Amino acid sequence: MSTVAWGNNINEKISFFHMNARGRRVNGNIFYSPGVDRCFAVDTFDPYTAFECAKILSSKMPAIAVLVIGKDEKVDVHNGNITNFTVNDKQIIGGSAGLLFSRQTPVFRKMKDPFLVPCLQMPKDYVPGTQGYDTFIEFSEYAKFVIRTWHTAKIFEMVHNFLPMEEFVNDFLSGEVDTSMSTPADSSNTVSSLGPKNEIRRILYNADTVDDAMNKIADMWRENNTPHSYPMRKMFYTILNNPDYPEPADLAKQTSQADTDLSGYSGYLL
Amino acid sequence: MNINTMNADTKIYYSSVNWDGAEANTFWTETYNEVGPGGKFVIDLARRINPNRFSTRDSSEWTLPWPDEILPKYKLIQYDSTYTGTFSEASDSQAMDYARRIDENNEKFAIMYSGGIDSTIITTALIKNLTKEQLKNVAICTSVQAVVENPNYWRKFIFGKFKIIDSMINKYDMLLEQGYTPVTADDGDCIHGTVLGLNFYHAWEQKIGHKLTAEQRTHVRNNLHKLSDKDTHFSVFEDALVAYFQYGDTSLFPIPTNPNPDPMFGRKLYDKYALNAKTASCPVISLHDFFWWLIFNVKMINCGVRGAMYYNDRYDMEKAINKIENWYLWPAYQQWSMNNNNNGQKIGFGAGTYKKVARDYIYELDNNVWYRDFKLKLESMGQNSVRQTVITDVYPKPSHRFGITTDYTMLDIMDPMVQYYVRHHLSNFKITWSEETT
């Protein structure tokens, strides 16, 4: 499995799109696994997307807690040392039950007091050399990849999708739109009715490894290669900024919308 | 007409020089390198305002490279300077005529509704003037994007009250085959003004400020508030307009960069527009008059026929063009439009008051202050049709539809015969409207 080098969130390209206090905001969203009793990722971005990332990861890890660090937390935590930490409150209530027993899907909490606890070693079931350790480290890497990739997908969609019809019908107009009306997810006019962003979310949810996910994402772009998906794709690979997974050569050689599949393009008709 | 009988004298009703990002780009680029200044101007006009689909509706001067005739449906009516009818009266009278047609012929109408001001005028006029029984003959062809443009109106006046047809799937050919008279407001901009003008009023400083001298910039700043002043001639803004009409030096899909750009193109285009305006069959004085006239006259036919031309893959072209109803072609609107340019009814000083009189008409029905005071002009057509499929069994790809002859034969720009015709006329086309002839 390829490793995504990603320790300092603030210098990531996706950070440019976030409020990060001009480079001074510290990592704030902690991803914690109750089952392993260790944290496995941290980011400095918005809490809403952090929670969505936990949902994507829930296909592999149950009951993830996304915990926001309070202003009094003094621990220097980053993605290079995150697996060395656990939390001091093992009974965080998610819904009506403690974390371990609540649900497969994640919970979100803002922590009032400092809660991160450094550990000298992993729990016995997950010490280095065990199968559990390898799986956990692999998952931690995948989680960091998901955080980075899902932010990227949301950002390119925010910039380039000018027809979020499905979202509006579901979120704002439920029951008020004729059922016969088309509700495409975006303006990409792609073969996929989900649109690139939602396809990426589904791939991240189902893939087992970074390599698996990135190959499927590349295939998704190939199958949905329209003039309107072109700027989404270019932005995706640019701000994902992953040296292990640049835009595949066959796609990178397309340098204009004119190089995409124009069979469904009817021209600028105004 | 059989395409094989086409010759240099073949007359056309409608033409489109259109970069398509692919094969047509190759043709236009090769042709550009072969023809003289006149032909280059025509192709550069498509580079500046893609596509180039302009032709005149009256006797005002607007030369085309190829022999042409005014499409009869769109010939401009005689200007009447004594006309005093209002926009509301035009809307009501058009709606009442639909009521008559329903009563007399049981005609069924499919209203192309985008949620924008122009199409909301249609539904508003019909709701105001038709009985419940008559409204049963009216269907709404629309998309979710239209709902989003005006959700309050949708909830109060459309949803559950009309038959809904999905415009994302149903094109004009399908509506015609179902027996509907499709009604489009696509010509709404033509009676009020143009986005080309709005962009100039709103963003001239950003677009061309760097091309003007400090003195010229000050001049525009000091005079722009007179854009609807009937005593301030549009030529007051000549320097800025020449700069505005010059095409840019960067490519924007599907239009490629001209490697040897014509530095005098802006001057040539201004002179062509200005000559057309000066020879118009009604007064064209103010800056808003000037931009209004461009779309009311030389762009109107494109706005009128593009539904039949590009959102119709199989229906007989003559029948489609003449059956599809352009709501604002109603003579009362046309006459109102020629008589009310500089009194604040079409625009105040910016985009928020564009189509002011239409906003007020809608407000009388829906009492929605948000829509009246904040609605912006959006280019709805492309948004509503983004998922439509294109079938090319009868007509070529929409972006290859170069035009129609006077017997409504479709011309495919990829057809060698059509390419020969176009090259021949572009090669012989001379710039006669400007002192810049080379």
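For the charge dipole of the range A:122-255, defined by +1 on Lys and Arg C-beta atoms and -1 on Asp and Glu C-beta atoms about the Cα centroid, which residue among A:V210, A:P196, A:A249 has the Cα displaced farthest towards the positive pole?
My answer, from the dipole projection, is A:A249.
Can you tell me which aspartates and glutamates have their Cα less than 17 Å from the Cα of B:K40? Leave out same-chain residues fewer than eight positions away.
Cross-link targets: B:E30, B:D249, B:D262, B:D271, B:E435, B:E436.
Given the options B:G304, B:P65, B:F200, identify the residue whose Cα lies farthest towards the positive end of the charge dipole of chain B (+1 on Cβ of Lys, Arg; -1 on Cβ of Asp, Glu).
The residue sitting most towards the positive pole is B:F200.
Where a Cα-Cα gap under 16 Å defines reach, which aspartates and glutamates qualify for A:K124, not counting those fewer than 8 residues away within the same chain?
A:D37, A:D134
How well do other chains shield peptide A:180-189, expressed as the mean number of their Cβ atoms within 10 Å of each residue Cβ? Before the final figure, lay out each step's value.
Numbers: counts 5, 12, 10, 5, 6, 0, 1, 5, 1, 4.
Whole-number average of other-chain Cβ neighbours for A:180-189 is 5.
Let me spell out the model: positive unit charges on the Cβ of Lys and Arg, negative unit charges on the Cβ of Asp and Glu, origin at the Cα centre of the protein assembly as shown. What dipole size does that give, in debye rounded to 20? Before the final figure, lay out each step's value.
On the way: 72 positive and 83 negative charges, 301 e Å.
My answer is approximately 1440 debye.
Testing the spin-label approximation: label points 7 Å from Cα along Cα→Cβ at A:V159 and A:A252. State their distance in nm.
The modelled label-to-label distance comes out at 1.8 nm.
Quick one: of B:K319/B:K346; B:K230/B:K346; B:K108/B:K132; B:K319/B:K355; B:K136/B:K156; B:K75/B:K128, which pairs are farther than 22 Å apart, Cα to Cα? Please list the in-between numbers first.
Numbers: B:K319/B:K346 33 Å; B:K230/B:K346 13 Å; B:K108/B:K132 14 Å; B:K319/B:K355 31 Å; B:K136/B:K156 17 Å; B:K75/B:K128 30 Å.
B:K319/B:K346; B:K319/B:K355; B:K75/B:K128, as the Cα separations exceed 22 Å there.
In the structure shown, do any of A:K13/A:K74; B:K226/B:K278; B:K323/B:K375 have a Cα-Cα gap over 23 Å, and if so which? Before the final figure, lay out each step's value.
On the way: A:K13/A:K74 26 Å; B:K226/B:K278 19 Å; B:K323/B:K375 31 Å.
Over 23 Å apart, Cα to Cα: A:K13/A:K74; B:K323/B:K375.
Count the DSSP beta bridges whose two residues both fall in the protein assembly as shown, then state the antiparallel fraction as a percent rounded to the nearest 5. Could you put the intermediate results ahead of the total?
Working: 22 of 41 bridges.
Expressed as a percentage, antiparallel bridges in the protein assembly as shown total about 55.
Projecting each Cα onto the charge dipole of the range B:226-280 (Lys/Arg +1, Asp/Glu -1 at the beta carbon, about the Cα centre), which of B:P263, B:G248, B:L227 comes out farthest on the positive side?
Projecting each Cα onto the dipole axis, the largest value belongs to B:L227.
Please get the size of the charge dipole for the range B:173-227, origin at its Cα centre, with Cβ charges of +1 on Lys and Arg and -1 on Asp and Glu, quoted in debye to the nearest 20.
Values: 5 positive and 7 negative charges, 138 e Å.
Result for the range B:173-227 is approximately 660 debye, rounded to the nearest 20.
Evaluate peptide B:151-161: per residue, the Cβ atoms of other protein chains within 10 Å of its Cβ; return the mean as an integer.
Details: counts 5, 0, 0, 3, 2, 0, 0, 2, 5, 2, 0.
Mean shielding count: 2.
Which chymotrypsin sites (Phe, Trp or Tyr not before Pro) in the range A:175-270 sit in a loop by DSSP (not H, G, I, E or B) and have at most 10 other Cβ atoms within 10 Å of their own Cβ? Display every interim value, and only then the final one.
Details: sites: A:Y205, A:W221, A:F236, A:Y237, A:Y265, A:Y268; in loops: A:Y265, A:Y268.
Filter output for the range A:175-270: empty list.
Straight-line reach from A:K253: which lysines have a Cα under 20 Å away, not including same-chain ones fewer than 8 places off?
A:K216, A:K234
Mark the label point 7 Å from the Cα of B:Q78 along Cα→Cβ and return the residues of the range B:309-344 whose backbone N is within less than 18 Å of it.
Flagged as within label range: B:331-339.
How high is the relative contact order of the range B:30-174, in percent, with contacts defined as C-alpha pairs under 8 Å that are six or more residues apart? Working shown, then result.
On the way: 120 pairs, mean separation 23.9, N = 145.
RCO, the range B:30-174: 16 percent.
Under 16 Å from a point placed 7 Å out from the Cα of A:K112 along the Cα-to-Cβ direction: which residues of the range A:76-90 have their backbone N that close?
Under 16 Å, as judged by backbone N against the label point of A:K112, lie A:88-90 of the range A:76-90.
Which helices, counted as full DSSP H runs in chain B, have an axial Cα extent of no less than 30 Å and a Kyte-Doolittle average of 1.0 or above? Show your work: numbers first, answer last.
Details: long enough: none.
Span-like helices in chain B: none at all.
Please report, in debye to the nearest 20, how large the charge dipole of chain B is about its Cα centre when each Lys and Arg carries +1 at its beta carbon and each Asp and Glu carries -1 there. Please list the in-between numbers first.
Numbers: 46 positive and 51 negative charges, 188 e Å.
Using Cβ point charges on Lys, Arg, Asp and Glu, chain B gives about 900 debye.
Whole angstrom only: what separates the Cα centroid of the range A:35-74 from the Cα centroid of the range B:102-141?
54
The numbers here are math on the coordinates, done by the rules we state, and not lab data. Not measured: the values here are computed from a predicted model. Cβ atoms come from the backbone with ideal geometry, glycine included; neighbour counts cover every protein chain shown.
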